[in-house]
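To keep things clear, I will list the structure first and then write my remarks on it.
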Amino acid sequence: MHGSNLIRKLIALALEEDLSFGDITTALTVPDGHRSQARVIARQPMVMCGVEVLDLIVSEGHWNISLRPQAVDGEQLENGAVLAVLDGPTSEILAAERTLLNFLQRLCGVATYTRDFCRIEPGLVVLDTRKTMPGWRVLDKYAVRVGGGKNHRFCLGDMVLVKNNHIDACPGGIRMALANVVQGKPLYMPWEVEVRNLDELRVALEYSPTIVMLDNFSDELLQEAIGLVRSRADVPMVEVSGGVSRDRLAVIRAAGADAVSVGALTTQAPNVDISMRITASSEQ
């Protein structure tokens, strides 16, 4: 999985949180050498996400657990579906339980929320943002892709995105900011500018950005703004941000936007309900 080193660091932190003092309850209640089978079960409809992460967790814990996924990432699961089966020492399965479930609940939650959002207006590209859980960006953005969304920039260095604060901080305003970008950016790198009104949009279009982001435009202004963009010979991609609710997607699409950026994909997605059920192995 892309970014696996970052993911391993996150998993190591999660295991340290849970196991820094060991597992006293299991030590007191489970005999040495006891073995079990565990099933990871969906408790609601959801989109599967995180198969490779399960392997990484088992690997990072250095456990002798056999893990058998029962679903693939992107698969739509119904309530009661089995996501994975684990076999191994009972103490190790119990040690892994909460970390496994925490990662799955978040990943499947983001993927499920994203799929639901993308289905509302299929003609629109749904983009995520950098509003991700700290340390979770690789996984949050992966879950968005699994759910059918697209990733915007991953970090501050992989794309030029001139935002309101850049414009306000630049001594020469939007013209100087965009002129500096056009003159100094790597030739291969796409660039985007966020505009707040029609005046800023007109200036931005003079510099032929790859993408124009229309931020917090009303429905009426949105239609006028996109008309301005479409009147050009070199038409940039039009992204709409700010106030992008489910109820507004049809209006945004009808106005002619290409994409919406939605922070809610990673800030408002609820964890889904997943449980683990353990059965003692018949061979002890």
Restricting attention to the stretch 52-73, and to residues there that are open to solvent by less than 60 Å² (accessible area, probe 1.4 Å) and in contact with a Lys or Arg (Cβ under 9 Å, 6 or more places away or on another chain), which single residue is nearest to P270 (Cα to Cα)?
-> L56
Residue match in the stretch 235-255 (condition: touching a Lys or Arg at 6+ places or on another chain (Cβ under 7 Å) and either open to solvent by less than 20 Å² (accessible area, probe 1.4 Å) or not β-branched (V, I, T) (or both)) | no
Do we find that L13 is open to solvent by less than 30 Å² (accessible area, probe 1.4 Å) and either out of contact with any Gly (no Cβ under 8 Å at 6 or more places or on another chain) or not β-branched (V, I, T) (or both) in this structure?
-> no
Criterion (within 30 Å of G135 (Cβ to Cβ) and of a type in the set (V, I, T)) met by exactly one of V195, V182, V162, V229 | V162
Restrict the check to the stretch 166-174 and report whether at least one residue is within 23 Å of R137 (Cα to Cα) and either touching a residue at least 60 places away in the same chain (Cβ under 8 Å) or touching a Lys or Arg at 6+ places or on another chain (Cβ under 9 Å) (or both).
-> no
Some residue of the stretch 108-126 being within 13 Å of the chain's Cα centre (by Cα), open to solvent by less than 10 Å² (accessible area, probe 1.4 Å), farther than 19 Å from S261 by Cβ and not hydroxyl-bearing (S, T, Y) = yes
Counting only helices (runs of 4 or more DSSP H) wholly inside the stretch 101-205, the ones holding at least 2 residues that are in contact with a Ser or Thr (Cβ under 6 Å, 6 or more places away or on another chain) and modelled with pLDDT of 95 or more are 137-147
Looking at Q105, is it among the polar types (S, T, N, Q), open to solvent by less than 50 Å² (accessible area, probe 1.4 Å) and under 26 Å from A280 (Cβ atoms)?
-> yes
Going by the conditions given, is E78 buried (at least 19 other Cβ atoms within 10 Å of the Cβ) and of a type in the set (D, E, K, R)?
-> no
Among R137, R202, which is open to solvent by 50 Å² or more (accessible area, probe 1.4 Å) and either within 11 Å of the chain's Cα centre (by Cα) or touching a residue at least 40 places away in the same chain (Cβ under 8 Å) (or both)?
-> R137
Leading residue by the ranking (least open to solvent (accessible area, probe 1.4 Å)) among those in the stretch 35-51 that are in contact with a strand residue (DSSP E or B) (Cβ under 8 Å, 6 or more places away or on another chain) and of a type in the set (S, T, N, Q) | S36
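The values are calculated or read from the model by the stated rules, or taken from the named source; none is laboratory data. Bear in mind the structure is a predicted one, so any value in this text is a computation, not a measurement. Glycine also receives a Cβ, built like all others from the backbone with ideal geometry; neighbour counts cover every protein chain displayed. For the accessible areas, the whole protein counts, side chains as well, though only heavy atoms, and no ligand, DNA or RNA atoms are used. Shrake-Rupley method; radii C 1.70, N 1.55, O 1.52, S 1.80 Å.
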